[in-house]
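> Dropping the structure in here first, questions after.
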Number of protein chains: 2
Amino acid sequence: MNATQKLAARIQKVNSLLCVGLDSDLTKIPANLRNQPNPQFTFNKAIIDATHDYVCAYKPNTAFYETKGDEGLKELKMTMEYLQEKYPDILTICDAKRADIGNTNEGYVQGIFDWFGFDAVTLHPYLGREALQPFLDRSDKISIILCRTSNPGAGEFQDLQTDGQPLWASVAKSISQNWNTNHNCMLVVGATYPEEMKKIRELTGDMTFLVPGIGAQGGDLAKTMAAGLNSKKEGLLINSSRGIIFASVGEDFAQKAGEEAQKLQLAINTYR
Amino acid sequence: MNATQKLAARIQKVNSLLCVGLDSDLTKIPANLRNQPNPQFTFNKAIIDATHDYVCAYKPNTAFYETKGDEGLKELKMTMEYLQEKYPDILTICDAKRADIGNTNEGYVQGIFDWFGFDAVTLHPYLGREALQPFLDRSDKISIILCRTSNPGAGEFQDLQTDGQPLWASVAKSISQNWNTNHNCMLVVGATYPEEMKKIRELTGDMTFLVPGIGAQGGDLAKTMAAGLNSKKEGLLINSSRGIIFASVGEDFAQKAGEEAQKLQLAINTYR
């Protein structure tokens, strides 16, 4: 079973399009965990145990682990080993936003897909398909390419008109028409730009979007679902990070995370 | 002394615009090192000791370390500690090609600049200035943003016409005119595109370019120097990785690396 099939099976099994972002910022996790050994892994384990019934995917962002260099990556590896052992049918996305030239990408491919064992990775489009081929060639995995990002200043380059359409539209078209020969590409499309999402949906058929920006960043769930669902009432992975994992910073943090995850899973489904 | 001043002082001191890329691919380092503990650090230490007289900067690419996850980053950290202790006046560039949204970048800033202690980092432009502000705010460090990359397929998006100019020109103008208020930005401009480099020089005044693509990738040194030197006969960091560090795979690998580094340092200076 490849990563795309794994995701489809998981969505069916738990009836969920929710992805939980394991952005386990050391300065934000409960104070009593911070001075224990492996605080990020301990936090993640509790969050995963409390939320797994409601999610189709987990997405740790590498920035929150690389803060502690090799020590942080050790906790990311422990998190991955825990997921692979206990919840092997949940998709794992490495939100690393990588992209280098061809031969160099081999290092990232091996590190992210093989050493850590992730099912999917997020990538920058700027270097073009030829550079990213080592990722795209891994037909057992998923490459998720940034198209329209969720940040307020996303438009600086993404909105530039390129041959009569914004750059994000050129990126969406190239990827759906030329990069996706192994049917293993997805796009990042922020919830904070529902109008752009609607156009990207029109340009890309039933392609799946990873959607950050719901919650703390201000994205609206109703508008996102209306703009982004594909013809099968799927095609969206709605990510929430801070809104779930930091719902409480007290001793009940895991329980509250579970409650918020269930709430969001159900809310998403009311729009399908 | 900030990173920009450190680089200027080092260029003066050793009369060199050469940057050596520590792309210490485990499958390419000499066979007798591979089964020792910390093979990448052991290799880097020998390369650094043999080449330091001829270089203004070292640039490890994180991909070659992340292949081994936390274990690889441990060897990168050892490399950085060695450089800081023994050769503290040589600029260190983390070729990480990162970029995330604002608050998330804080993790990379802390990891790359503070945990590892790098002087500079390479970044993707796609998310815009607003996202990269945490890097740009570090006026003690250098942000090196991808403008025109050296790979054969670089043009897929970078050559798209944006308001009458290619995307790489829009990126160059935005960065030199709007991003560089702390005078801590540089651009990546590949040696494989000397005509584009000439135009980027015209657009950006005396800004410094990090130049990959000489050597294995086919970039021509004479054309690069003619296209890229600024009004002070500087403004270029010419990077070579494989051509120096893998000049020999025998027991004389370090000695040969030193010879190649000296050769390239001198060759660069003949064009200044």
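The numbers here are math on the coordinates, done by the rules we state, and not lab data. Here the structure is a predicted model, which is why all the values come from computation and not from measurement. Neighbour counts are summed over all protein chains in view; Cβ atoms, including those assigned to glycine, are modelled from backbone coordinates with ideal geometry.
> Quick one: what are the phi-derived ³J(HN,Hα) couplings along the range B:96-107, Karplus 6.51/-1.76/1.60 with θ = phi - 60°, whole Hz, x for glycine and proline?
Listing the rounded values in order: 9, 6, 8, 2, 9, 7, x, 5, 6, 4, 4, x Hz.
> Could you list which residues have their amide H under 5 Å from that of B:Leu210, counting only those 5 or more apart in sequence or on another chain, with H placed in the peptide plane?
For B:Leu210, the qualifying residues are B:Leu187, B:Val188, B:Val189, B:Leu237.
> Which of the residue pairs A:Lys6/A:Lys199; B:Lys6/B:Lys45; B:Lys45/B:Lys68; B:Lys68/B:Lys223; A:Lys199/A:Lys256; A:Lys141/B:Lys97 have a Cα-Cα distance greater than 26 Å in the structure shown?
Over 26 Å Cα-Cα: A:Lys6/A:Lys199; B:Lys68/B:Lys223; A:Lys199/A:Lys256.
> Kindly give the distances from A:Leu266 to its copy-mates, label point to label point, with each label point 7 Å from Cα along Cα→Cβ, as nm values to one decimal ordered shortest first.
Spacings between copies for this position, smallest first, are 7.7 nm.
> For the range B:16-65 and the range B:104-168, what is the separation of their C-alpha centers, rounded to whole Å?
Result: 24 Å between the Cα centres.
> Which far-off residues, 5 or more places away or on another chain, put their amide H under 5 Å from the one on A:Thr162, with H placed in the peptide plane?
A:Leu167
> OK, next. Dipole size in debye (nearest 20) for the range A:1-112 around its Cα centre, Lys and Arg Cβ +1, Asp and Glu Cβ -1?
Value, rounded to 20: 220 debye.
> Count the net charge of all other residues whose Cβ sits under 14 Å from the Cβ of B:Ala99, scoring Lys and Arg as +1 and Asp and Glu as -1.
The answer is -3.
> Between copies, how far does the label point of A:Pro88 sit from its twins, in nm, shortest first, when each point is 7 Å from Cα along Cα→Cβ?
5.2
> Still on this model: Indicate the gyration tensor shape class of the protein assembly as shown (rounded, prolate or oblate), computed on the Cα atoms with a ≥ b ≥ c the square roots of the eigenvalues: a/c under 1.5 is rounded; otherwise a/b larger than b/c is prolate and the rest oblate.
Judged from the Cα gyration tensor, the protein assembly as shown comes out prolate (a/c at least 1.5, a/b above b/c).
> Next question, about the same structure. Would you mind computing, in nm to one decimal, how far apart the modelled labels at B:Gln255 and B:Asn103 are, each placed 7 Å from Cα along Cα→Cβ?
5.7 nm
> For chain B, what does the helix formula give at 222 nm: sum of -39500 (n - 2.57) over DSSP H segments with n ≥ 4, over the residue count, nearest 500 deg cm²/dmol?
After summing the helix terms and dividing by the residues of chain B, the value is -12500 deg cm²/dmol.
> Considering only DSSP beta bridges where both residues belong to chain B, give the percentage that are antiparallel (nearest 5).
Numbers: 2 of 28 bridges.
Counting only bridges with both partners in chain B, antiparallel ones make up about 5 percent.
> In Å and on Cα atoms, what radius of gyration and Dmax does the range B:137-254 show?
Every Cα atom of the range B:137-254 included, Rg and Dmax give 15.3, 54 Å.
> Relative contact order, percent, of chain B when contacts are C-alpha pairs under 8 Å separated by at least 6 residues?
Reported as a whole number, the value is 21 percent.
> If you average 1/r across every pair of different Cα atoms in the range A:3-270 and take the reciprocal, what Kirkwood value do you get, in Å?
Result for the range A:3-270, one decimal place: 18.6 Å.
> Okay, moving on. Given +1 on the Cβ of Lys and Arg, -1 on the Cβ of Asp and Glu, and no further charges, what dipole in debye does the range B:3-270 carry about its Cα centre, rounded to the nearest 20?
440 debye
> Compute the signed sum of charges (Lys and Arg +1, Asp and Glu -1) over the other residues within less than 10 Å, Cβ to Cβ, of B:Trp115.
-2
> Another one. Which ³J(HN,Hα) values in Hz, rounded to whole numbers, follow from the phi angles of the range B:253-270 under the Karplus curve 6.51 cos²θ - 1.76 cosθ + 1.60, where θ = phi - 60° and Gly and Pro get x?
These are the phi-based 3J(HN,Hα) values: 4, 5, 4, 5, 4, x, 4, 5, 5, 4, 4, 6, 4, 5, 4, 4, 5, 5 Hz.
> Pull out the extension gain between A:Ala216 and A:Tyr82, defined as 0.36 nm times the separation in residues minus the alpha carbon to alpha carbon distance; nm, one decimal.
Numbers: separation 134, 0.36 × 134 = 48.24 nm, distance 2.75 nm.
Value of the extension gain: 45.5 nm.
> Rounded, prolate or oblate: which fits the range B:1-84 when a ≥ b ≥ c are the square roots of the eigenvalues of the alpha-carbon gyration tensor, with rounded for a/c under 1.5 and prolate only if a/b beats b/c? The partial results should precede the final answer.
On the way: a/c = 2.52, a/b = 1.86, b/c = 1.36.
Since a/c reaches 1.5 and a/b is larger than b/c, the shape of the range B:1-84 is classed as prolate.
> Next question, about the same structure. Determine one quarter of the surface area of the Cα convex hull of the range A:201-272, which equals its mean projected area, and express it in nm² to one decimal.
Hull-based average projected area comes out at 4.7 nm².
> Considering amide H positions built from the backbone, and no H for Pro or chain starts, which residues 5 or more places from B:Ile142, or on another chain, come under 5 Å of its amide H?
Distant-sequence amide H within range of B:Ile142: B:Ala120, B:Val121.
> Suppose the chain between A:Glu202 and A:Glu130 were pulled fully straight at 0.36 nm per residue; how much longer would it get relative to their current alpha carbon spacing?
23.4 nm
> Can you tell me which of B:Thr122, B:Thr224, B:Thr27 moves the most in a GNM of chain B? Springs connect C-alpha atoms under 10 Å apart.
Sorting by GNM fluctuation, first place goes to B:Thr27.
> Shortest first and in nm with one decimal, please list how far the B:Gln36 label point sits from its counterparts in the other copies (point 7 Å along Cα→Cβ).
4.1
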